[in-house]
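Undergrad: This is the structure, below, for whatever I ask next.
Bear in mind these aren't lab numbers, they're just calculated from the coordinates by the rules spelled out. Quick caveat: nothing in here was measured; it's all calculated off a predicted structure. Counting neighbours? That spans all protein chains shown, and the Cβs are built from the backbone with ideal geometry, glycine included.
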Amino acid sequence: MENTPAISHRLHVRRGEIPAASTRAGRVYRGVAKSIQLKHVELGTFPIKRFRPLLDDDVWSDLETTLGGLAAAMRGHVVWNVNSTARGGGVAEMLASLIPYSRGAGIDERWAVIEGTPDFFEVTKRLHTFLHGVQPDGAALTEDDRREYEAAMARNSAALLEQIRPADIAILHDPQTAGLIPELRAHGVRTIWRSHIGVDEPNQLVRDAWGFLLPYIGRADAVVFSRQKHVWDGLERSRVEIIPPCIDPFATKNQDLTDESVSAILKAAKILPGKDGEATFKHHDRTRGRVARHARLDDATLPYEAQIVLQVSRWDRLKDPIGVMQGFAEHVAPRTDAWLVLAGPAATSVNDDPEQPEILHELAAQREGMPAALRERIVVAQLPMEDTDENAAIVNALQRRADVVVQKSIAEGFGLTVAEAMWKAKPVVAGRVGGIEDQLEHGKSGLLVDDPRDLPAFGDAVVSLLTDGMKAKTIGRAARRRVVRFFITPCHLVTQGRLLTDLVST
């Protein structure tokens, strides 16, 4: 039996009397802060009718009914999404895809990005790692961290309140935005806090992060997690919803590409050798784009006919790119002729993650210490981020060119890159962690490694797919069927739409 996942403008603030850091977590802030501007991500509309050919009749009817009802209930009000970056992470990618479909269904949904100092993002990065049960360099969460965090929340909540009105709904994403809840609630804004991260078995570090954030999150109208096992202790269960993330099959990153287009795009990005030809792709609005920027590589270019093992992720210790490189070098390369590609964003392109350059430096040092014959089979690719659709087209081409896609995360809320590979019918090897366990059925639609730090087991799984083409194809086809059933945009729109409608009606 199939395992069914559990699912239940520019903004400106003037100088003046606005929230500042509090001395007690969770209070409504009062004080003075400086003028800031927040980015308003401009988005168009997409028609939901695109999904009709993919959906059964009952699913299509449910989608139309739910979004139509929400549009009527929200007339005159806005759904705001607030996060900490407009590009470079799974949340940003998901919002860029989801919001236009809501807008296309007649719902006024918008997206604002908060501003923060480097010190603020150091605090939120620490919270991020603590929430995964990992302690970076013996760090702790301190009262100074809370003051820094609340000072940033004060400035940002004031900026948001220049635009948000009572009875609007604010969906606040991940730890960076949780501190906005008290002030927004005090002004009559309905708030949902959405966690895209979590662990199945919380340790004391996780609980320390909960303790830091619960005074804010406990005041939200609803709290959304990606899976039931990630729900925190101390939350009122009637306010908790489970909504797995999703991918958009029609996004630039997931659109169909011919083999010729895949090769042309990778040549244009200088990942494959040769002249690029017509390295074009379709934007989400169906206009044509062209890959013109190059990936930054170390000193290796993929051979045209190489077998490829691919991991695409941010340069994050929880994604364990260093472990992927070591596992490939020790347990895959000696048994196959495959090449490894580790691909991620250009190091300085993701504003809310100061750790990325450090990890890239460690990867370069590890690779440099390998024998030349092995080193040349490992490609670390920093992908251009100036144009998000161009970046998506390169990722799409890489995933379609790969023979095996891996996601060896140590912890994971939901693997968007896993779902993307599944949509492309690629066999996936991933750690049995977090939401990935809901996405893949081991041995049917993917291979799960019980302990992602077990490098021999990781290598065995990858080699089994590289050396058995029929097994790889069978698993890839099953993966595509599963992602269509559970993890594409309509599933998310229906579940979230019901939650929003309930909030509006209460």
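Undergrad: Dipole of the stretch 259-486, Cα-centred, from +1 at each Lys and Arg C-beta and -1 at each Asp and Glu C-beta, to the nearest 20 debye?
TA: Roughly 940 debye for the stretch 259-486.
Undergrad: Just to check I understand the Karplus step: with θ = phi - 60° and J = 6.51 cos²θ - 1.76 cosθ + 1.60, what whole-Hz values come out for the stretch 92-102, glycine and proline as x?
TA: 4, 4, 5, 5, 4, 8, 5, 4, x, 5, 4
Undergrad: Also: Counting Lys and Arg as +1 and Asp and Glu as -1, each charge on the Cβ, what is the dipole of the stretch 376-450 about the Cα centre in debye, to the nearest 20?
TA: Roughly 360 debye, rounded to the nearest 20.
Undergrad: Only four residue types carry charge here, +1 at the Cβ of Lys and Arg and -1 at the Cβ of Asp and Glu. Report the dipole size of the chain about the Cα centre in Debye, rounded to the nearest 20.
TA: Charge dipole of the chain: 1080 debye, to the nearest 20.
Undergrad: Placing +1 on the Cβ of each Lys and Arg and -1 on the Cβ of each Asp and Glu in the stretch 420-487, which of VAL462, PHE487, VAL449 has its Cα farthest towards the positive end of the resulting dipole?
TA: Checked the options; the winner is PHE487.
Undergrad: Excluding LEU127 itself, calculate the net charge of residues whose Cβ lies under 11 Å from the Cβ of LEU127, where each Lys or Arg counts +1 and each Asp or Glu counts -1.
TA: Net of charged neighbours comes to -1.
Undergrad: To the nearest 500 deg cm²/dmol, what mean residue ellipticity at 222 nm is calculated for the chain from DSSP H runs of n ≥ 4 alone, each contributing -39,500 (n - 2.57), summed and divided by the residues?
TA: After summing the helix terms and dividing by residue count, I get -12000 deg cm²/dmol.
Undergrad: Neighbour counts of other C-beta atoms within 10 Å: give me LYS424, LYS275, LYS282 arranged from fewest to most.
TA: Details: LYS424 21, LYS275 8, LYS282 16.
With the sparsest Cβ surroundings first, the list reads LYS275, LYS282, LYS424.
Undergrad: Tell me which of LEU302, VAL324, VAL262 sits at the most positive position along the dipole axis of the stretch 259-486, charges placed on C-beta atoms (Lys, Arg +1; Asp, Glu -1).
TA: Of the options given, the answer is VAL262.
Undergrad: Efficiency by 1/(1 + (r/R0)^6): what FRET value for THR287 and GLU115, r their Cβ-Cβ distance, R0 = 30 Å, to the nearest 0.05?
TA: Numbers: r = 31 Å, r/R0 = 1.03.
The formula returns an efficiency of 0.45 here.
Undergrad: Given 0.36 nm per residue, what is the gain on full extension from THR506 to ASP451 after removing their alpha carbon distance, in nm?
TA: Separation in residues times 0.36 nm, less the Cα-Cα distance, equals 15.4 nm.
Undergrad: A follow-up question, please. Just want the answer: with Cβ charges of +1 for Lys and Arg and -1 for Asp and Glu, which residue in TRP80, ALA140, THR191 is farthest toward the dipole's positive end in the stretch 43-199?
TA: In the stretch 43-199, that residue is TRP80.
Undergrad: Give me GLU305, GLU115 sorted ascending by neighbouring Cβ count inside 10 Å, so fewest comes first.
TA: GLU305, GLU115
Undergrad: If you don't mind, there's one more thing I want to ask. Run through all the Cα pairs of the stretch 77-153 and give the fraction in each 10 Å bin from 0, expressed as whole percent.
TA: Computed distribution, short to long bins: 17, 37, 29, 15, 3.
Undergrad: For a Förster distance of 35 Å, can you work out the FRET efficiency between the beta-carbons of GLU441 and ASP144, rounded to the nearest 0.05? Each step should come with its number before you reach the end.
TA: On the way: r = 46 Å, r/R0 = 1.31.
Efficiency for this residue pair is about 0.15.
Undergrad: Can you give the extra length, in nm with one decimal, that the chain gains between ASP259 and ARG239 once fully stretched, where that is 0.36 nm per residue apart less the Cα-Cα distance?
TA: 2.5 nm
Undergrad: Under 5 Å between amide H atoms, partner at least 5 residues away or on a different chain: which partners does GLU241 have, H built in plane at 1.01 Å?
TA: Under 5 Å from the amide H of GLU241: VAL223, VAL224, PHE225.
Undergrad: Oh, and also: Report the calculated FRET efficiency for GLU376 and ASP108 (r = Cβ-Cβ distance, R0 = 56 Å), to the nearest 0.05.
TA: Rounded to the nearest 0.05, the efficiency is 0.60.
Undergrad: Computed from the coordinates I sent, semi-axes √(5λ) of the Cα gyration tensor in Å equals one of (i) 36, 26, 22; (ii) 43, 29, 20; (iii) 57, 25, 19. Tell me the label.
TA: Step by step, semi-axes √(5λ) of the Cα gyration tensor in Å for this structure corresponds to label (i).
Undergrad: On to the next question. Given a cut-off of under 8 Å on Cα pairs at least six residues apart, what relative contact order in percent is computed for the stretch 259-486?
TA: About 20 percent, as a whole number.
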